[in-house]
Amino acid sequence: MADKRTYEMVFIVDPNVADDEVMKLSEGVQKIITGQGGSITKTEMMGKRQLAYEINHKKDGTYVLLEVEGSGKEIAEVERRMRVNDQILRYMTIRVDEDRRRADKLKDRRARKAAKQPGKGKSKSAAVDFDADEDEAIAS
Amino acid sequence: MSSNYEDRDLGFEQYDRTMPRGPRRLQRRKICRFCIEKVDLIDFKDVKLLQGYVPERGKILPRRISGVCAAHQRMLAEAIKRARNIALLPYAAD
């Protein structure tokens, strides 16, 4: 539990809430997280966009994205508060560190494979060199 | 009853490559575009990408049609479901 985890947190704010109010809300969330010992690595206001379906009879909403690093305790706290907040239509937190690690691993493996490919070519050229030597030996 | 059997034969014919009988649709080899582009992670926020895999009805496009490989289809399905949860994609569209 002590290990660091990375989460992606998205929440949708009521479209009638003003932009600076949304900012304040986001800052409030960040404060809770830092207060609980987590840290914010990225914040992004995705702006107002149309919802794919109505939530609480609202057709659009303001999306806010946060990237949080922490143990998971602060996520529980923030989600508890979001549940109570009427301005927040929907929230979702996703743990991303594991998926990212896997993606990095795949990328690594591919890079190593790519590095191996020229190596293969080299050994081939070495073989050619060897052949050339042989030819020379025969010539002499 | 005889018509029933004919139906079944037609079904088998799709799998039987040795006897191409009757008008068969030309099947192109399907390839996974995520494998070609070397995608390791499909982000649920990439609505433009995901929309290509949810036809009008809002359902997830099956792999047998899109040609996406199993590993990437799994990632894709997960991303689509996440996008649905936060109203980036519809659960069902009429």
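What follows is calculated from the coordinates using simple rules that are stated; it is not laboratory data. Since the model is a prediction, treat every value here as computed from it, not as a measurement. Cβ coordinates were reconstructed from backbone atoms using ideal geometry, including for glycine residues, and neighbour counts include every protein chain displayed.
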TODO: Along Cα→Cβ, 7 Å out, is where each label goes; now give me the distance between the ones at B:ALA77 and B:VAL47 in nm to one decimal.
DONE: 2.5 nm
Open item on the list: Suppose each label sits 7 Å from its Cα in the direction of the beta carbon; what would the B:ASP94-A:GLN117 distance come out to in nanometres?
Closed with: 5.2 nm
Open item on the list: Please list, in order, the residues from the range B:31-65 whose amide nitrogen is less than 12 Å from a point placed 7 Å along the Cα→Cβ vector of A:TYR53.
Closed with: B:58-59
Open item on the list: Averaged across A:80-92, how many Cβ atoms of other chains sit within 10 Å of each residue's Cβ atom?
Closed with: 1
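Where a ≥ b ≥ c are the square roots of the eigenvalues of the C-alpha gyration tensor, would you call the range B:33-85 rounded, which needs a/c under 1.5, or, failing that, prolate if a/b is larger than b/c, or oblate?
On the way: a/c = 1.72, a/b = 1.19, b/c = 1.44.
In terms of gyration-tensor shape, oblate.
Tell me the net charge near A:LEU25. Cut-off is 11 Å between Cβ atoms, A:LEU25 excluded, with +1 for each Lys or Arg and -1 for each Asp or Glu.
Cβ neighbours under 11 Å give a net charge of -2.
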